[in-house]
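Inspection log for the structure reproduced underneath, given as structure tokens.
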Amino acid sequence: MGPIVICEPDGEWATLLRRETWGVRETRSLDECWREVAQAESPRIVLLDVRCGSLEALLSGIDQMRSRYPDLLAIAIASESTRLAIWRPLCETGILHAVSSFRDLPALRGVVCRHIRRFPTLPLSLEERIWNNLPWPSKASPTP
């Protein structure tokens, strides 16, 4: 699984998710976020704080990313009142989950884990397993 890409202005969710031992790529703008999503491995997961850009830019970006990457799981970060106000357009672009506080972490964990399970990992070859188990990680990549 690639890292979870998080677009938020303050870094609070990124800090929390790092404690969950999930790989996290932290961004502050939608443009930077979309670049990270494009470079991420499958399955792609992105948490988008609605304060990072206009609603129109957010919805347009999600729509474009979902058409390019059907494996994308997009989750909104929004206050409860904001989430209620914009839930319909979020759903129409494919956001099926939103979080508004750290109390939502157990539900977020479940959504992410279910999404990851949809994409089984391919078994490693004998050579890849050997390289991954070498005691010196910085040298653990085969060179041609």
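The table for this structure:
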{"quantity": "Given (1) in a helix (DSSP H, G or I); (2) under 19 Å from the mean Cα position of the chain (by Cα); (3) surrounded by 12 or more Cβ atoms within 10 Å (Cβ to Cβ), number of the condition P89 does not satisfy", "calculated": "(2)"}
{"quantity": "Segment 84-103 residues that are farther than 24 Å from D71 by Cβ, paired with ones that are assigned to a strand (DSSP E or B) and at pLDDT 95 or above (beta carbon under 8 Å, 6 or more apart)", "calculated": "S100/I77"}
{"quantity": "Of all residues in segment 21-32 being in a loop (DSSP other than H, G, I, E, B) and out of contact with any Asp or Glu (no Cβ under 9 Å at 6 or more places or on another chain), the one that is surrounded by the fewest Cβ atoms within 10 Å (Cβ to Cβ)", "calculated": "T21"}
{"quantity": "Filter result for the condition that a residue is at pLDDT below 95 and within 17 Å of L48 (Cβ to Cβ), over R129, R88, R109", "calculated": "R88"}
{"quantity": "When residues of segment 33-55 are limited to those that are outside any helix (DSSP H, G or I) and of a type in the set (S, T, N, Q), the one surrounded by the fewest Cβ atoms within 10 Å (Cβ to Cβ)", "calculated": "S54"}
{"quantity": "Boolean, L126 is crowded, with 16+ Cβ neighbours inside 10 Å, free of Cβ contacts under 8 Å to residues at least 40 places away in the same chain and not β-branched (V, I, T)", "calculated": "no"}
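The values are calculated or read from the model by the stated rules, or taken from the named source; none is laboratory data. These figures come from a predicted structure and were not determined experimentally. Cβ atoms come from the backbone with ideal geometry, glycine included; neighbour counts cover every protein chain shown.
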